[in-house]
Amino acid sequence: MDRLDCDRMFVTVLETGSFSAAALRLGTSSSQASKLVSKLEQRLGVQLFKRSTRALSPTDVGRSYYERVKNLLDAFETLDASVRESATTPTGRLKISAPGSFGTVVLSEVLVAFARRYPLIELDVSFSDRSVNIVDEGFDMAIRIGTLSDSSLVARKLGEVHVRIAASPVYLEQFGTPQHWREMPQHQCIIDTNFRDPWHWPFAGGGGSSEIITVPVRGRLRFANTEACLQAAMAGLGIARLPGFIAAPALQRGEIVRLLENFDTPPLGLFAVYPPARHLAHRARLLIDFLVSHFTRFPPV
């Protein structure tokens, strides 16, 4: 008898609670199910189940063995599926969610390149700053920026997004240029409500310190859109906290000026997140690897 057959039967018996239910799930007989588990016990030299005429329950050793062998069986299944899929041309549909501004300004170009490379993979992409429920809404993955809150999802880091503090020359001429983060509460700030805590801006402590200081800010303008924040900053209406990929063109043109470079705000993590599963679809793995490769070579500004 194959050792993997014995292990699979043991795991299924423990999960279903009986030999008959396990046999039904695996398409065999109750006697064969019992025989496979007994063979495994003989090979290991331990009792995995307590048996009686009324109940079947795992021993302490059985529970411990289950926790270890279950992971091994899952790994075997993932390996088998990966080998089978890698031998075929990638196909199928990927439903993806990404933040609106990052999606249109940065990600769309990368997805177009991916689509060219894999012409049989369908992409269904939603650009929205709403944090979607990946499982309930049927997404294969989401691109997220910042601190991750849902610990039930698997995350792979793609890179970092730098944040710039900036204002227009017009604003700075009228209200002065802040030289230290302590001066920020005195200024009109443009609030991007997409940030996790939009009313508190983080800064490096300065002087070589690794301490992060959180500074309360105020402002009469609030937008749930980073491009609107940029427009307000260019109009001289306040100081904005902007992702680097949004700020870079206006900085290069001199329409806004970068501030407080000695107290640079910490970069935000850029992640691909997806539901935990025994087997991540080959097309999803291809996309994640493609994104990692791209953002390693071409980090977001």
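The values are calculated or read from the model by the stated rules, or taken from the named source; none is laboratory data. Everything numeric in this text was worked out from a predicted model, so none of it was measured. A quick note on method: Cβ atoms are made from the backbone with ideal geometry, for glycine too, and the neighbour counts reach across all protein chains shown. These area figures cover heavy atoms from the full protein model, side chains too; ligands, DNA and RNA do not enter into them. Shrake-Rupley method; radii C 1.70, N 1.55, O 1.52, S 1.80 Å.
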Worksheet item: Of the residues S152, S131, which single one is surrounded by fewer than 17 Cβ atoms within 10 Å (Cβ to Cβ), under 23 Å from the mean Cα position of the chain (by Cα) and touching a residue at least 60 places away in the same chain (Cβ under 8 Å)?
Response: S152
Fill in: Scan of the stretch 267-287 for residues that are at pLDDT 90 or above, surrounded by fewer than 18 Cβ atoms within 10 Å (Cβ to Cβ) and more than 22 Å from S149 (Cα to Cα), ordered by number
R285
Fill in: Contacts under 6 angstrom Cβ, first residue in the stretch 173-195 being touching a residue at least 24 places away in the same chain (Cβ under 8 Å), partner among the aromatic types (F, W, Y) and not in a strand (DSSP E or B), 6 or more apart
W181/F263
Discussion item. Quick check on A281: is it among the aliphatic types (A, V, I, L, M), touching a helix residue (DSSP H, G or I) at 6+ places or on another chain (Cβ under 9 Å) and closer than 29 Å to N133 by Cα?
Written reply: yes
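Do we find that R258 is touching a Leu at 6+ places or on another chain (Cβ under 8 Å) and within 30 Å of V170 (Cα to Cα) in this structure?
Details: touching a Leu at 6+ places or on another chain (Cβ under 8 Å): yes; within 30 Å of V170 (Cα to Cα): yes.
So R258 fits the description; yes.
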Item to complete: State whether one or more residues within the stretch 251-259 are open to solvent by less than 60 Å² (accessible area, probe 1.4 Å), in a helix (DSSP H, G or I), modelled with pLDDT of 95 or more and not charged (D, E, K, R).
Response: yes
Item to complete: Exactly one condition in (1) surrounded by fewer than 18 Cβ atoms within 10 Å (Cβ to Cβ); (2) polar (S, T, N, Q); (3) within 25 Å of the chain's Cα centre (by Cα) is not met by N194; state its number.
Response: (1)
Discussion item. So the check is Cβ under 7 Å with 6+ separation or different chains; which pairs have a first residue in the stretch 88-113 that's open to solvent by 40 Å² or more (accessible area, probe 1.4 Å) and a second one that's assigned to a helix (DSSP H, G or I)?
Written reply: V105/F245; V105/I246
Worksheet entry | Residue check, R222 open to solvent by 20 Å² or more (accessible area, probe 1.4 Å), without any contact (Cβ under 8 Å) to a residue 60 or more places away in the chain and part of a strand (DSSP E or B) | yes
Item to complete: Of the conditions (1) under 30 Å from L73 (Cα atoms); (2) in contact (Cβ under 8 Å) with a residue 12 or more places away in the chain, D264 clears all except one; give me its number.
Response: (1)
Item to complete: State the number of residues belonging to the stretch 260-274 that are over 20 Å from Q186 (Cβ atoms), touching a helix residue (DSSP H, G or I) at 6+ places or on another chain (Cβ under 9 Å) and outside any strand (DSSP E or B).
Response: 1
